[in-house]
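**Q** One structure is given below, represented as structure tokens, and several questions about it will come after.
The values are calculated or read from the model by the stated rules, or taken from the named source; none is laboratory data. All figures in this text were calculated on a predicted structure; none of them were measured in a lab. Neighbour counts run over all protein chains shown; Cβ positions are idealised from the backbone, glycine included. Just the protein is used for accessible areas: all its heavy atoms, side chains included, with ligands, DNA and RNA removed. Shrake-Rupley method; radii C 1.70, N 1.55, O 1.52, S 1.80 Å.
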Amino acid sequence: MAIYAIADLHLSFDETIDKPMDIYGGRWINHAEKIKEDWEQKVTPEDTVIIAGDISWALKLNEAIPDLDWIDALPGKKVLIKGNHELWWTGVGKLNKMYDSMYFLQNTCYEAEGYAICGSRGWICPGTDDFSADDTKIYEREILRLEMSLKQAEDLGYKGRIIAALHYPPTNENQQPSGFTKLFEKYEVEHVVYGHLHGKEIWKRGLKGVFNGVRYELVAQDYTDGQLIRIK
């Protein structure tokens, strides 16, 4: 049994959604097919896959259904968190009644393979250019949501055995400490995955490797070239 992660699927299987990603060229050409091929080669029904946001281009839930059905049909259990494009994600209780193989994580944690999977969408961090008062409100709210998730994991006895997922990177582009990194250290998170960063120059801005005892890993699908990254 294993735990994998990927972010930024950017699916648009609904016929009313016109968001072809291959216009960006390179690793976005036939990206869904590449993800599916790699997924089916690696993942067994007993494995777990974290999808760290930007799942679907849909605006409404009914438009997201073809994308969610596509994910549901892939092997393994899936833990999904919001990205900045998840406008269809409303009412997590309703979402969690829709699919047996999929858990929509919000303010909670998910137990898998002896670990707790925690997470939040995250947000841009202080020190980012043009960081505003509105950004501060969202950033602080996301920190609260992340801590709710981490606290539940701690209460269940998983402190020190936590995998966390954000959609946004956990720091600004200068990789300065943030409220997110402080929480990961406080709750002794072992491994953090995130997405959102696209393109060779932008990938360089993401925190990677071990810092203050926590491992950070960028898993945006274009960075991994459609490959699921094994976490455990």
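**Q** For the range 6-18, enumerate the residues that are surrounded by fewer than 20 Cβ atoms within 10 Å (Cβ to Cβ), touching an Asp or Glu at 6+ places or on another chain (Cβ under 7 Å) and not hydroxyl-bearing (Ser, Thr, Tyr).
**A** 13, 14, 17
**Q** Just to verify a result, which residue in the range 149-205, among those that are free of Cβ contacts under 8 Å to residues at least 60 places away in the same chain, in contact with a Gly (Cβ under 9 Å, 6 or more places away or on another chain) and of a type in the set (Asp, Glu), is nearest to residue 54 (Cα to Cα)?
**A** Among those residues, the one meeting the criterion is 173.
**Q** Here's something else I'd like to know. Is it the case, given these coordinates, that residue 100 is within 29 Å of residue 36 (Cβ to Cβ), in contact with a helix residue (DSSP H, G or I) (Cβ under 9 Å, 6 or more places away or on another chain), exposed (fewer than 15 other Cβ atoms within 10 Å of the Cβ) and at pLDDT 95 or above?
**A** Yes, satisfied.
For every residue, the table says whether it meets (1) open to solvent by 70 Å² or more (accessible area, probe 1.4 Å); (2) among the basic types (Lys, Arg); (3) outside any loop (DSSP other than H, G, I, E, B).
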residue: 4; (1), (2), (3): no, no, yes
residue: 32; (1), (2), (3): no, no, yes
residue: 40; (1), (2), (3): yes, no, yes
residue: 44; (1), (2), (3): no, no, no
residue: 54; (1), (2), (3): no, no, no
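Let's see how each residue does on (1) over 15 Å from the mean Cα position of the chain (by Cα); (2) closer than 23 Å to residue 109 by Cα; (3) open to solvent by 80 Å² or more (accessible area, probe 1.4 Å):
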site	(1), (2), (3)
147	yes, yes, no
161	yes, yes, yes
175	yes, no, no
185	yes, yes, no
193	no, yes, no
225	yes, no, no
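**Q** Still on this model: What about residue 21, is it buried (at least 20 other Cβ atoms within 10 Å of the Cβ) and more than 17 Å from the chain's Cα centre (by Cα)?
**A** Yes, satisfied.
**Q** Then there is this: Within the bounds of the range 26-43, is there any residue that is touching a residue at least 12 places away in the same chain (Cβ under 8 Å), over 18 Å from the mean Cα position of the chain (by Cα) and more than 15 Å from residue 227 (Cβ to Cβ)?
**A** Checked the range 26-43: no residue is touching a residue at least 12 places away in the same chain (Cβ under 8 Å), over 18 Å from the mean Cα position of the chain (by Cα) and more than 15 Å from residue 227 (Cβ to Cβ).
**Q** Quick check on this structure: which one of 140, 86, 63, 111 is of a type outside the set (A, V, I, L, M), surrounded by 18 or more Cβ atoms within 10 Å (Cβ to Cβ) and more than 19 Å from residue 219 (Cβ to Cβ)?
**A** Every option except 63 fails the conditions.
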